[in-house]
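First up is the structure itself, then whatever we jot down about it.
The values are calculated or read from the model by the stated rules, or taken from the named source; none is laboratory data. Please read these numbers as outputs of a predicted model, since none were measured by experiment. Don't worry about glycine lacking a Cβ; one is built from the backbone with ideal geometry, like all the others, and counts go over all protein chains shown.
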Amino acid sequence: MKTGFSIFLATFVALGASWSGFVLAPLLQLGGAKQTVILQSTDNWPQQRTGNATLGLQVYRAYGCAACHTEQVRQTGVACEVTLTSLGVQQPADFVAFVRSLFALPELAAYTNAMAASLDGWNGGLPKTLLTCPDKDVASAMADRLKAAGIKSETSIVAIGPDIARGWGFRQSVAADYLYDQPVQLGSLRAGPDLANIGVRAPDARWQLQHLYAPKSITPGSTMPAFKFLFEVRQVGAQPAPDALNLTGDFAPPAGFEVVPKPEATELAAYLLSLKANAPLYEAPFTPVTAAK
């Protein structure tokens with residue numbers, strides 16, 4: 001009897017401790033989370049979504065969009081990037097020879113071949129990324145050498161990793177990005193691309209609506225199902241509706257008809273446009289993209 005009670009008590013304590021650590025503690029932490037400040041700015045992050053976008057989150061949830069898409073950009077690390085912005089009086093061929101001459105410098109020898117290879121076939125177009133490395137001292141040494149030679153460059157911090165290389169975001173997703181999400185739609189399968197930064201990649205509401213109605217009209221070969229039930233096909237009135245989709249070819253409605261988004265479609269598009277992870281944060285730093293890059 002005593003042995004059975006001891007086993008029950010030990011099991012109860014173990015399960016209770018696990019639940020507290022993996023469920024209760026994160027819930028309490030997120031429940032007390034507040035807006036953070038964007039690096040080198042006084043602006044807060046994230047901003048509260050508009051009413052339409054908030055309603056769109058529920059539409060996104062209701063139709064199971066998280067079954068095929070994630071909203072979580074991953075990164076493997078951070079690197080320093082040196083980008084050429086001006087060659088000064090030097091010619092491209094002279095600059096390539098200058099880069100090869102850096103092989104003799106111990107701090108740059110490991111990167112010289114890669115830099116020279118990146119310049120093969122280069123015609124002098126700027127800006128040009130010359131060096132990406134994890135060591136800020138190496139990047140600084142390279143920038144100093146370029147400056148001494150009269151060549152202008154910019155050094156920036158960039159996130160690295162497969163998701164970043166695909167163009168899905170500028171940095172990894174962090175807890176602050178989901179402050180106003182209820183529920184959080186992280187997803188677990190990427191049958192389609194990650195959407196954490198889709199509001200930056202595709203900022204046009206008409207593009208989003210057309211993609212919802214007929215994905216293959218935007219991306220030939222897309223496996224995304226068409227959400228045509230979120231739209232109304234109706235006869236054109238005295239004037240075409242201002243929000244009617246501009247469809248052509250096989251995707252166009254019959255003559256005299258137009259495709260108009262229903263409120264749910266407009267809300268879902270507003271939510272997708274609100275998905276932006278383009279602010280550098282203390283826990284996820286990067287140098288914002290500038291015109292020089």
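Could you list all residues from segment 218-248 that are among the basic types (Lys, Arg) and more than 10 Å from PRO261 (Cα to Cα)?
So in segment 218-248, the residues among the basic types (Lys, Arg) come out as 228, 234.
Residue satisfying the conditions is ARG234 alone.
All but one of (1) part of a helix (DSSP H, G or I); (2) out of contact with any strand residue (DSSP E or B) (no Cβ under 9 Å at 6 or more places or on another chain) hold for ALA265, so report the exception by its number.
(2)
Looking at this structure, is GLU107 among the charged types (D, E, K, R) and either more than 30 Å from TRP168 (Cβ to Cβ) or not assigned by TED's automatic domain parsing to the domain that holds GLY187 (or both)?
Numbers: among the charged types (D, E, K, R): yes; either more than 30 Å from TRP168 (Cβ to Cβ) or not assigned by TED's automatic domain parsing to the domain that holds GLY187 (or both): yes.
So GLU107 passes the test.
Could you list, in sequence order, the residues of segment 229-245 that are within 28 Å of the chain's Cα centre (by Cα) and either modelled with pLDDT under 95 or among the charged types (D, E, K, R) (or both)?
ASP243
Which of the residues spanning segment 30-59 are under 16 Å from ALA277 (Cβ atoms) and part of a helix (DSSP H, G or I)?
The answer is ALA53, LEU57.
Kindly state which helices (runs of 4 or more DSSP H) lie completely within segment 125-217 and contain at least 1 residues that are among the charged types (D, E, K, R), within 12 Å of the chain's Cα centre (by Cα) and surrounded by 20 or more Cβ atoms within 10 Å (Cβ to Cβ). Write out each step before concluding.
Values: elements: 136-148, 162-165, 198-201, 205-213.
Filter on segment 125-217 gives 162-165.
Six or more apart or on different chains, Cβ atoms under 6 Å: show the pairs whose first residue is in segment 170-195 and at positive phi and whose second is at pLDDT 95 or above and polar (S, T, N, Q).
Cβ pairs passing all conditions: GLY187/THR70.
Could you tell me whether any residue of segment 259-268 is buried (at least 20 other Cβ atoms within 10 Å of the Cβ), modelled with pLDDT of 95 or more and under 30 Å from PRO134 (Cα atoms)?
no
So, in segment 102-120, exactly how many residues are under 12 Å from ARG145 (Cβ atoms) and either of a type in the set (Val, Ile, Thr) or loosely packed, with under 12 Cβ neighbours inside 10 Å (or both)?
Total meeting the criteria: 2.
Filter segment 218-262 for residues that are free of Cβ contacts under 8 Å to residues at least 24 places away in the same chain and part of a strand (DSSP E or B) and give the result.
Within segment 218-262, just GLN235 meets the criteria.
Would you pick out the residues in segment 79-95 that are surrounded by fewer than 17 Cβ atoms within 10 Å (Cβ to Cβ) and either among the aliphatic types (A, V, I, L, M) or at pLDDT below 85 (or both)?
VAL89, ALA93, listed by residue number.
What's the number of the only condition in (1) in contact (Cβ under 8 Å) with a residue 60 or more places away in the chain; (2) more than 30 Å from LEU146 (Cβ to Cβ); (3) surrounded by fewer than 18 Cβ atoms within 10 Å (Cβ to Cβ); (4) more than 19 Å from the chain's Cα centre (by Cα) that GLY51 fails to meet?
Against the list (1) in contact (Cβ under 8 Å) with a residue 60 or more places away in the chain; (2) more than 30 Å from LEU146 (Cβ to Cβ); (3) surrounded by fewer than 18 Cβ atoms within 10 Å (Cβ to Cβ); (4) more than 19 Å from the chain's Cα centre (by Cα), GLY51 comes up short only on (1).
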